[in-house]
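Input: a single structure, listed below in C-alpha cells.
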C-alpha cells in the first residue's frame, strides 16, 4: 500500500512578504531607494532656491547698473566690466582734419574701507603718481566712503605703475578722454570738455548733445588757414608788445567762418591750467568801439538812401565843437571833401556831418538792420551783446559815424563788412559748413551801393590809410580803425585798439579778413606809431599772401571790371556852417584836453555790460 505524505498549507503572511519582496526588493534595497528619493527631493528644493537667489541677484544688478542713479555703483560695476560712456563724436575741419577726438583711458579709484593701512597706501600711490600731493591722497583714503577717485585719465605708464602697487581696494575704471591733436589751434572755437566728457566751452558745449550721440561734427574752418592767422597775430603781438589780438577770415558769399583766433589762448588738453584771461574769446566776447572802420557803414547808409552820391561834398574845413566836445581830423585837409576824399583821408568831421544830414533815426535803423544792436547768432555760447546809447542824441549820431559811442565785437564788424562788399546780403556767421538753403541771408543794402563801397574800400587800400594792406594784383580793399581804450574818468591815449577790416578781390569779393591788435606799442619800423595802418594792415597783407599760396590764387585768376574812382579835388569855399557847426576858431577855444573829449558810451536799455567793457572817445585816428 502506497503511503501519501500530507503537504503543509502555505502561510498567508509569508506569501504576502514573498510577493512584496519580489515586487519591491529586499528591505535593504527598499531603504536605499528611500534615501535616493529623499536626495532627489532635496536637490530639487536646493536648485529652486539657487534659481530664486540667482534671479534676485540678476534683477538687483540690472537695477543698479541700468536704473538706479548715482555715480558710485555705476562706476564700480564699470570698473569690473566695461566702459560706462558711449564714444563722443569727433570734431573735424572742413577738409576732414581731426580737431577733437576721444581715446580710451583707465582711471584709478579706491574703496577706503578695504585698505589695510591708509598711510602706507597714500605713500605708495604718490610714489607712482608724483604729480599728486600726499596730503590730498591721504585725506581721500581716510574718508568714510566706499568710492573715491585717485586720478582719472591715467596714461598707460601711470596705469602700469599703479597696477603694480597691489593695494587692496585700489581698482581701475575704463573711461574716455577727450584729446585735441592740434594743441592750441582753434582753441576758442573748439572749447573743451570735462573729465566726464561734457562740453564746457566752444562748439564742444554748443553741440554737446550731438557729440554725445557719437555724431561727427564738421566745422567750416580750414585748419591750415587757422594756423596761418594764429602765427601772424602771434608775431604781431610780439613785435608790437601788445597784450592781445584777434583775427577772423570769413567767406563773404555765405557767412562761413574759415578761421578765427584770439590771443592769449590756451591748450584744451590741459583744462586745469586754463586761466580766465586765456579763455576769453576776443572775437566774440570783446566789445570794443571800432573806430574809423565804422565809416564803412555810415557811408553805406548814406549812399543807400540815394540822398548822398560819390560826388556829394561835406565841409571839413574846421573842427566841430558841440557843447564842450570837439571833433577833429587826424589827417585834416581843412577844406570840403567829396565822399571818396572823406574815405581816403578818414575824415571824422565830414563823416559826422554826413550822419547828421541822414538823421539819428535813419542811422539807428540802419545799424539795427545790419546787426549792430543785438547779439550775433552763431554756434557758440560765448557771445556778447553790443553796447549803444540809451538816448541816440545828435552827439551820438556824430561820434557813431566814425566808430565812437557804440561798441560791438570783432565778429560783428567782420559780418557787417561781408554784407557791404558781397552785394548787400547779410549772412549770420557760421562755424559749420552750410549750403545755400541753410541761410539764404537778407538784403541790407542795394547791389549798386555795394559796388560803390567796394570802390571806396579799394581806394583806401591804394591811396589811403590802408596802403600797407595792399597786395599788388589781388585787388585788396579795406578800412583802418584806431581807438583809444577807456579808463575810469577818461580815456588812455596810449592804450589803443588798432584794427583793419578788408576784403579781396574787391571786383568779386570772396574773403573778408579782420585783424585787431590790443594795446600795440610803436617801433622804429613804424616811426613810433601804433595806429592800425602801421600794425594791423600789414598783418592782413601777410594773411592774404598766405591765402594766395594756400589756395593757389594767382593774380591772373581774378575777375576784372571794378572801375577805379576818379577823385576830383574840391578847393571850393566852405559854406557858412549852421549855428551848431560853428568852427572852433570862431568860438572860445578850451585846453587841448577839452578839445579831444567826446561823450563816453552808455549802455542801451536791457544791455548788460560785456567783459571787458571798452569804449573810445578818440575823435579819429584812421
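What follows is calculated from the coordinates using simple rules that are stated; it is not laboratory data. Values in this document were obtained by computation on a predicted structure and should not be read as measured data. For neighbour counting, all protein chains shown are included, and Cβ atoms are generated from backbone atoms with ideal geometry for every residue, glycine included.
General observations
- Across the range 108-242 the C-alpha pair distances fall into 5 Å bins from zero in the proportions 2, 9, 15, 14, 12, 10, 11, 11, 8, 5, 3, 1, 0 percent.
- Convex hull volume per residue in cubic angstrom - Cα atoms of the range 105-159: 70
- Mean Cα-pair separation over length for the range 91-219, i.e. relative contact order, pairs under 8 Å, 6 or more apart, %: 34
- Order of 394, 133 - criterion: other Cβ atoms within 10 Å of each residue's Cβ, fewest first: 133, 394
- Reduced Cα scattering model of the range 469-517, Debye log10 I(q)/I(0), q = 0.18, 0.30 Å⁻¹: -0.61, -1.05
- Shape call, the range 429-510: gyration tensor on alpha carbons, a/c limit 1.5: oblate
- Packing-based exposure ordering (other Cβ within 10 Å, fewest first) of 534, 392: 392, 534
- Pairs of Cα atoms nearer than 8 Å and 6+ residues apart set the relative contact order; for the range 482-559 it is 25 percent.
- With contacts taken as Cα pairs under 8 Å and at least 6 residues apart, the range 380-475 reaches a relative contact order of 18 percent.
- Residues 159, 188, 404, arranged from fewest to most other Cβ atoms within 10 angstrom of their Cβ, appear as 159, 188, 404.
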